[in-house]
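Step one of this worksheet: look at the structure below.
Only the coordinates and a few stated rules stand behind these numbers; no lab work does. Note that the structure is predicted; figures quoted are calculated from it, not measured. Virtual Cβ from ideal backbone geometry, glycine too; neighbours counted across all protein chains shown.
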Amino acid sequence: MRHLAMIFIFLLGVSRSNLSAQDNNCEQTLSLAAAEFDAGRFYGLPDILKSCLAKGFSTEQKIRAYLLLTQTYLILDNPAAAENSYLQLLKADPEYVANPVRDPIDVYYLSKKFTSTAIFTPHFNIGVNTSLPRTIYSLGTSSAIDSVSKDNGYKIGFQIGGGIDWNISDRWSLCLGVTYSKKNFKSTFFDNYAGYQGTFTEKQDWFDIPLYLKYSFIDSGKIRPFVYAGISANLLIASKLSPEGSDKDAPTYGATQVSQSPDISITSMRNFFNSSLVLGGGTKYKVGKNFFYVDLRYMAGLSNIAKNGQFNPLLVRFQYQSDFFRLDNLFISIGYIKPLYDPRKKKQAVTGLLKKLGIKKSRK
């Protein structure tokens, strides 16, 4: 075993030495190509760079090499080869943006013919949420309406989901998501006339399907903030209630008897299909070619969640009567984005001016 370990360490050292030597050789090759370019000897550059482009260059070295080849082919009046070299540059670094201050002006104008914007961008997230009912119409079990008061409290839930963005441009995206959400909230009822108090924690399972338009303020750099707005279909697949309160049928007059019950399903008392308004924003942080992000989302309920005229199994024992209400939600999520980059030449289109003038582009 000792001999095997020594052989492994030796081979590892040799491998690292070979990689280091290869890196040094390719860096020397790139320096030679740059010197040849500066000396005006352009025709031999593709052959000089060929072997290291096939295997050996790092990503950063490939960018420099393809940029050098793009300039070379433009000087040699070979636009097809120049376009192919620039396309290879974008494949090495999809977010490379030519700069007229840093790059030759002909390369800058050539870059305008290309885009690397991902057509579709999948993303995944996980986070926590809190929910609060918003009463539409208050219902109760007491004849003395003025004696009844209700209070809603926050509870913490969680969500996990994902989605896909269709990138209309570098900054605008149309986004569709699917999220499984566990939402909880607490309602407390006080009947001062009857001396009754009940506390009810509702636990709900949802599938949220938001559709929204997103705008990114910055399309380059490490940190990229964004905002969005849209609508969401919200499917309530299950709802349970944890009741606790005074038993109105207490055997001793004037006594307070606490009554509790295991979770009771009230799914039949809730509407399955609901909708909400979606508003949100956050920021992306670039790591390599991908992103991590933080997202803050507010969903304002648009539809009544409680069904009308349903049998209420909690009415007799706990004097529970659900209001008609909407449900508002606040989500905080962290997520991961993996853009599906697609370096490509932009499609030629007739300009708006030509369309207005009725002039057709000539074909050569």
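Excluding residues on the same chain fewer than 8 positions from Lys240, give the aspartates and glutamates whose Cα lies under 12 Å from its Cα.
Glu202, Asp205, Asp263
Label points 7 Å out from Cα along the Cβ direction at Ala54 and Asp205: separation in nm?
About 5.8 nm, to one decimal.
Please list the non-local residues whose amide H lies under 5 Å from the amide H of Ala229, H modeled 1.01 Å from N, same-chain partners needing a gap of 5 or more.
Result for Ala229 returns Leu213.
Could you list which residues have their amide H under 5 Å from that of Arg134, counting only those 5 or more apart in sequence or on another chain, with H placed in the peptide plane?
Arg326, Leu327, Asp328
Of Lys91/Lys347; Lys150/Lys183; Lys214/Lys338; Lys91/Lys286; Lys55/Lys284, which sit over 25 Å apart, Cα to Cα?
Lys55/Lys284
Counting just the Cα atoms, what span does segment 171-230 cover along each of its three principal axes? Round to the nearest Å and put the largest first.
63, 20, 20
Of all trypsin sites (Lys or Arg not before Pro) in segment 60-124, which ones are in loop regions per DSSP and have a Cβ with at most 14 other Cβ atoms within 10 Å?
When the trypsin sites (Lys or Arg not before Pro) of segment 60-124 are filtered for loop state and at most 14 Cβ neighbours within 10 Å, Arg102, Lys112, Lys113 remain.
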